[in-house]
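Here is the structure we will look at, set down as structure tokens.
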Amino acid sequence: MEKYIGKSVYKGTAIGPVSVLKKKDSLVKRIHIDNTAEELKRLDAAKERTMTQLGQLYEKALQEVGEVNAAIFEVHQMMLEDDDYQDAIHSMIQNEEVNAEYAVAVTGDNFAEMFANMDDEYMQARSADVRDISNRLVRNLSGGEQIDWSTMEPSIIVADDLTPSETVQMDKSKILAFVTVHGSTNSHTAILARMMNIPALIGVPLELEKIHNGTRAIVDGREAVFYLDPEEEQIRQAEAAQQTEQRLRSLLAEYKGQRADARSMYMQISAAYRMWHMYWRMMRRVSACSAVNSYISEGTLFRMRQNSSMLTVRCCR
């Protein structure tokens, strides 16, 4: 059994096999090009493909984490189209006569470094977003393969770090938990993990090359602990914690339902009151008529009865 301490992003418990996401660091070569105009056209085509992919990620995130959090990918589209970012890439291609992949990689690194050196923690976390955008653009330029998540089995995802696009592309039903060596609680990936209700730890000091796929593990989000190859007693405790969490989720769902019913009832009462008030004002105007005043003086009675979400007003002798 091995025990590691990290930082908790979402406080839940997960038990299952580990799936290690090992990314290959692809070196982008600097290549001299003669036709800068053609290279810029190639860049624009790759940019359009990237924009389309980000739009598709937005639609998927919209279904899974809602509009507010799906907006991450609208922000990515805005960053991709940022004038300073695009101008730096275009300038490098035109002035240094280099290939678009190299210009994007260098510009992405420069902008990511700029964000990483800012004082504000939230802005520092945007460094990962810039790298995510730039890496996607480079892959579209070079024809690099996207990661295939379709064959993924239910597992605890262990990685050096995860980008927002990688997080959303995964099948939510097969993600038991996230565990990363790096990352920030302010990162968009951490925000997505919270919205997807997936136990997640960051800053866990793991040596990924020493971890084998399929190794059983436990993620304890409350204590921010990651167990590799846990003992039976730890597994029993984790299973008990999961049962408690499930009961709490059920109670919370029931409570939310009650609140929704109460809110619906309040809205009905409010609507009924507004209806009653409207009729009252109308009757006061009508009572100004002498004929109606006479009619009322003879003993006309107005009764209000609640009918479903509306109030009906009946005039009876």
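The values are calculated or read from the model by the stated rules, or taken from the named source; none is laboratory data. Here the structure is a predicted model, which is why all the values come from computation and not from measurement. Every residue, glycine as well, gets a Cβ built from its backbone with ideal geometry; the counts of neighbours run over all protein chains shown.
Observations on the model:
- Scanning region 161-183 for residues that are touching an Asp or Glu at 6+ places or on another chain (Cβ under 7 Å) and among the polar types (S, T, N, Q) turns up Thr163, Ser165, Thr180.
- Pairs linking a residue in region 240-258 that is under 21 Å from Val219 (Cβ atoms) and among the acidic types (Asp, Glu) to a residue that is modelled with pLDDT of 75 or more and surrounded by 10 or more Cβ atoms within 10 Å (Cβ to Cβ), with Cβ atoms under 7 Å and 6 or more positions apart or on different chains, are Glu245/Gly12; Glu245/Thr13.
- Pairing each residue of region 31-52 that is surrounded by 12 or more Cβ atoms within 10 Å (Cβ to Cβ) with any residue that is in a helix (DSSP H, G or I) and aromatic (Phe, Trp, Tyr), provided the two are 6+ apart or on different chains, yields C-beta distances under 8 Å for Ile31/Tyr102.
- Flag not set for Glu59, criterion: of a type in the set (Asp, Glu), surrounded by 19 or more Cβ atoms within 10 Å (Cβ to Cβ) and either part of a helix (DSSP H, G or I) or at pLDDT 95 or above (or both).
- Unique match (being closer than 16 Å to Gln63 by Cα, in contact with a Pro (Cβ under 9 Å, 6 or more places away or on another chain) and either buried (at least 19 other Cβ atoms within 10 Å of the Cβ) or at pLDDT below 90 (or both)) among Ile175, Ile191, Ile156: Ile191
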